[in-house]
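Remarks on the structure that follows.
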Amino acid sequence: MTAAEMSVIFFLQLAVILAVCRIVGWAAKRWLGQPQVVGEMIAGVILGPSLFGLLAPEIQGMLFPAESRDILYVGAQLGVGLYMFLVGLGFRTDHFLSQAKSAAAVSFAGTAAPFLLAVLITPWLLNTPGLFSDRATLAQAMLFMGAAISITAFPMLARIIHERGLSGTPLGTLSLSAGAIGDAGAWIILAIVLASFGAGAGMAITAVGGAALFMVFMTTIGRRLLARLGDRAEREGGVGPGLMAVTLMLFALSAFAMDAIGIHAVFGGFLLGAVMPRGLFAEQVRKQLEPFTVVVLLPLFFTYSGLNTQLTAVDSWPLLVIALVVLAGSVLTKFGACWAAARLTGQDNATALGIGALMNARGLMELIIINIGLQRGLIGPALFSILVLMAIVTTLMASPLFERVYGRKARARGELGDLADPEPGAPPGAASVRETS
């Protein structure tokens with residue numbers, strides 16, 4: 001395809017993606033009580049070979065030709081990178097400090113139990129053709145699976161906590177803190193796996209060491225330098241085009257730095273957002289970037305994921321058994337471990353069950369991890385599809401399960417208010433992205 005042909009097809013793709021994502025997202029909210037973005041996750045799979053390609057393969061092939069995937073990939077990476085920048089921009093360190101002991105225990109348990117499951121099942125997965133790359137070692141496969149099934153959708157957690165009226169409550173604060181700690185650990189593990197896969201120890205040391213230096217710089221000198229952006233925003237009464245250009249340039253450089261050393265752009269985006277000045281600057285940047293990022297760019301990521309998801313690849317009893325084991329094991333280990341840790345640190349049974357339900361959602365964070373794994377050639381399409389299915393199911397079940405084990409009874413006792421409107425405004429708390437996953 002020529003550049004002109006690419007342009008023509010891209011705009012048609014964008015129109016279809018936006019239409020399908022909004023329709024499916026609306027349906028998910030209307031009939032399933034889920035955030036818009038959960039519907040968009042499903043819409044991405046619908047547009048891929050699993051449904052659209054199955055029912056109308058010729059039309060799907062014309063709309064999403066293989067040559068156009070590179071354009072969608074770049075748009076998807078920009079979208080997910082900016083999204084994680086916005087998540088970092090709303091990140092609150094005080095959640096770590098207020099319930100550090102219980103949060104650390106819940107986070108450790110919710111990571112350790114799924115990792116044990118990964119250790120037990122990974123040799124089985126490695127011996128199943130097509131799930132992992134032939135170059136993947138047992139250690140790399142175990143670490144990747146551990147990170148993939150132990151991660152919590154931290155932005156989705158903030159969204160659910162806001163919608164369920166938990167913002168500022170001990171349960172909400174504890175869940176947010178545990179989710180943030182656990183996700184940080186999962187990203188570190190993923191960084192080690194990606195850095196070492198096919199590149200040797202030298203690349204791993206460069207990547208992990210470079211990421212550590214970048215983090216230290218950003219949280220010390222970088223934070224002080226970036227404070228000037230906040231001062232300028234206060235003097236000017238807002239964030240104008242010049243200040244926004246500087247902010248986006250810094251985002252691009254941070255994403256480039258992490259990509260260049262062998263990690264991933266999302267690390268740079270999130271870390272930059274986390275150290276940016278708060279107050280008027282953060283509010284204005286979020287107000288200007290969030291609508292385009294969430295409404296236009298993030299659906300590109302979901303669609304790109306969906307185009308790589310071939311649920312029909314799970315076409316044999318051995319693969320179906322693997323899918324069921326991964327799903328059931330991921331749910332039970334995460335839910336059970338977080339419940340047990342909460343109980344052992346003094347929470348009552350209902351609160352512990354509520355924490356377990358909230359921590360079980362994987363959402364967008366899971367999709368980011370497995371897309372990276374597929375992009376780097378660590379996993380194959382079949383395992384990718386199995387993990388996409390797990391991410392969608394665990395995200396769909398989080399809110400209903402929470403209401404069943406905690407929310408309804410708490411509302412009946414008057415301990416929680418009515419459910420918040422899932423659409424307008426940004427939620428208070430750890431993340432302020434309007435429709436998070």
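The values are calculated or read from the model by the stated rules, or taken from the named source; none is laboratory data. From a predicted model like this one, the values you see are computed outputs, not experimental measurements. Every residue, glycine among them, receives a Cβ derived from its backbone with ideal geometry; neighbour counts consider all protein chains shown. To get the accessible areas, we keep the full protein, side chains included, count just its heavy atoms, and leave off ligands, DNA and RNA. Shrake-Rupley method; radii C 1.70, N 1.55, O 1.52, S 1.80 Å.
Say whether the condition of being among the β-branched types (Val, Ile, Thr), over 18 Å from the mean Cα position of the chain (by Cα) and under 28 Å from residue 397 (Cα atoms) is met by at least one residue in the range 23-36.
Yes, the range 23-36 contains at least one residue that is among the β-branched types (Val, Ile, Thr), over 18 Å from the mean Cα position of the chain (by Cα) and under 28 Å from residue 397 (Cα atoms).
Do we find a residue being over 28 Å from residue 27 (Cβ atoms), open to solvent by 30 Å² or more (accessible area, probe 1.4 Å) and either in contact (Cβ under 8 Å) with a residue 12 or more places away in the chain or not in a helix (DSSP H, G or I) (or both) anywhere in the range 350-368?
Scanning the range 350-368 turns up at least one residue that is over 28 Å from residue 27 (Cβ atoms), open to solvent by 30 Å² or more (accessible area, probe 1.4 Å) and either in contact (Cβ under 8 Å) with a residue 12 or more places away in the chain or not in a helix (DSSP H, G or I) (or both).
Of the conditions (1) at pLDDT 90 or above; (2) farther than 24 Å from residue 290 by Cβ; (3) surrounded by 15 or more Cβ atoms within 10 Å (Cβ to Cβ); (4) not basic (Lys, Arg), residue 43 satisfies every one except a single condition; which number is it?
Residue 43 satisfies all of (1) at pLDDT 90 or above; (2) farther than 24 Å from residue 290 by Cβ; (3) surrounded by 15 or more Cβ atoms within 10 Å (Cβ to Cβ); (4) not basic (Lys, Arg) except (2).
Can you spot a residue in the range 226-233 that is more than 28 Å from the chain's Cα centre (by Cα), surrounded by fewer than 14 Cβ atoms within 10 Å (Cβ to Cβ) and over 30 Å from residue 139 (Cα atoms)?
Yes, the range 226-233 contains at least one residue that is more than 28 Å from the chain's Cα centre (by Cα), surrounded by fewer than 14 Cβ atoms within 10 Å (Cβ to Cβ) and over 30 Å from residue 139 (Cα atoms).
Mind listing just one residue for me: the one in the range 173-212 that is in contact with a Gly (Cβ under 7 Å, 6 or more places away or on another chain) and open to solvent by less than 30 Å² (accessible area, probe 1.4 Å) and, of those, modelled with the highest pLDDT?
So, considering only residues that are in contact with a Gly (Cβ under 7 Å, 6 or more places away or on another chain) and open to solvent by less than 30 Å² (accessible area, probe 1.4 Å), the one modelled with the highest pLDDT is 178.
From the set of residues in the range 400-437 that are open to solvent by less than 10 Å² (accessible area, probe 1.4 Å) and either at pLDDT 85 or above or among the aliphatic types (A, V, I, L, M) (or both), which is nearest to residue 174 (Cα to Cα)?
Once the filter is applied, the top-ranked residue is 430.
Inside the range 1-115, counting only helices (runs of 4 or more DSSP H) that do not spill past its ends, which hold 2 or more residues that are under 29 Å from residue 326 (Cα atoms)?
Those helices (runs of 4 or more DSSP H) span 3-32, 36-47, 52-55, 69-89.
Looking at the range 118-164, which of the residues that are open to solvent by less than 10 Å² (accessible area, probe 1.4 Å) and small (Gly, Ala, Ser) is farthest from residue 188 (Cα to Cα)?
So the residue we want is 158.
Give just the number: which of (1) at pLDDT 90 or above; (2) open to solvent by 50 Å² or more (accessible area, probe 1.4 Å); (3) not polar (S, T, N, Q) does residue 270 not satisfy?
(1)
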